[in-house]
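Undergrad: Structure incoming, see below.
The values are calculated or read from the model by the stated rules, or taken from the named source; none is laboratory data. The model shown is predicted, which means the values in this text are computed figures rather than measured ones. Quick reminder, even Gly has a Cβ in these numbers, built from the backbone with ideal geometry, and neighbours come from all protein chains shown. Side chains included, ligands, DNA and RNA excluded: accessible areas come from the protein's heavy atoms. Shrake-Rupley method; radii C 1.70, N 1.55, O 1.52, S 1.80 Å.
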Amino acid sequence: MKFAFLILDSRFDSAADRASIHGGDAQIIGVASLAQAAAAARQLAAEGAGCIELCGAFGPEGARAVIDATGGAIPVGYVTHLPEQDSLYTEVFG
């Protein structure tokens with residue numbers, strides 16, 4: 001199965017910020033926006049990705065946008081954290 005993990009930060013360029021392992025079956029792609037994430041997700045789905053995971057910065061709304069971009073054809077998940085670490089996440093990510 002092909003798998004991808006998308007990370008979101010305005011400093012990323014989805015064309016350049018990419019890495020893969022295991023012959024390309026697992027990829028990590030940095031995206032600067034939800035528009036770039038949607039484009040990457042459409043491309044991944046067309047290339048046969050079986051699953052897309054998203055960093056926590058996407059949140060539920062971003063996850064829905066990526067699901068919509070794939071037409072709901074593949075599973076999309078996103079990373080979360082436990083509530084007791086909210087202050088740490090706010091400190092690190094703003």
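Undergrad: Give me D for the chain in µm² s⁻¹, whole number, from Stokes-Einstein with Rh from the Kirkwood sum over alpha-carbon pairs, 4 °C and 1.567 mPa s.
TA: Working: Rh = 13.5 Å.
The estimated diffusion coefficient comes to 96 µm²/s.
Undergrad: Another question, then. Using a 7 Å offset from the Cα along the Cα-to-Cβ direction at both Arg11 and Leu34, what is the distance between the two label points in nm, to one decimal?
TA: Placing both labels 7 Å beyond Cα along the Cβ direction yields 2.4 nm.
Undergrad: Carbon and sulfur together cover what percent of the accessible area of segment 25-94 at a 1.4 Å probe radius?
TA: 57 percent
Undergrad: If you average the alpha carbon positions of segment 4-21 and of segment 41-94, how far apart do those two centres end up, in angstrom?
TA: Here the answer is 13 Å between Cα centres.
Undergrad: Can you give the % of DSSP beta bridges in segment 1-87 that are antiparallel, to the nearest 5?
TA: Among the beta bridges of segment 1-87, antiparallel pairing accounts for roughly 20 percent.
Undergrad: Given the protein chains as shown and a 1.4 Å probe, how many square angstrom of Leu88 are accessible, to the nearest 10?
TA: Rounded to the nearest 10, the figure is 90 Å².
Undergrad: In addition: Can you give the net charge of the other residues whose Cβ lies under 15 Å from the Cβ of Ala69, counting K and R as +1 and D and E as -1?
TA: Local charge sum for Ala69: -2.
Undergrad: Related question: When ligands, DNA and RNA are left out and all protein chains stay put, how many square angstrom of accessible area per residue does the chain have with a 1.4 Å probe?
TA: Working: 5630 Å² over 94 residues.
Value for the chain: 60 Å² per residue.
Undergrad: What FRET efficiency do you get for Ser20 and Val79 if R0 is 22 Å and r is their Cβ-Cβ distance, rounded to the nearest 0.05?
TA: Here the calculated transfer efficiency is 0.70.
Undergrad: Here's something else I'd like to know. On full extension of the chain, what length is gained from Ala57 through Asp86, given 0.36 nm per residue of separation minus the C-alpha to C-alpha distance? Don't skip to the end; give the middle numbers.
TA: Values: separation 29, 0.36 × 29 = 10.44 nm, distance 1.28 nm.
The Ala57-Asp86 span can extend by a further 9.2 nm.
Undergrad: Okay, next question. Would you be so kind as to identify which of Ile29, Ser10, Gly48 lies farthest towards the positive end of the dipole of the chain, taking Lys and Arg as +1 and Asp and Glu as -1 on Cβ and the Cα centre as origin?
TA: Looking along the dipole axis, the top candidate is Gly48.
Undergrad: Taking the Cβ of Phe3 as the centre, find all other residues whose Cβ is under 9 Å away and add up their charges (Lys, Arg: +1; Asp, Glu: -1).
TA: Details: positive: Lys2; negative: Asp25, Glu53.
Within the 9 Å Cβ shell, the charges total -1.
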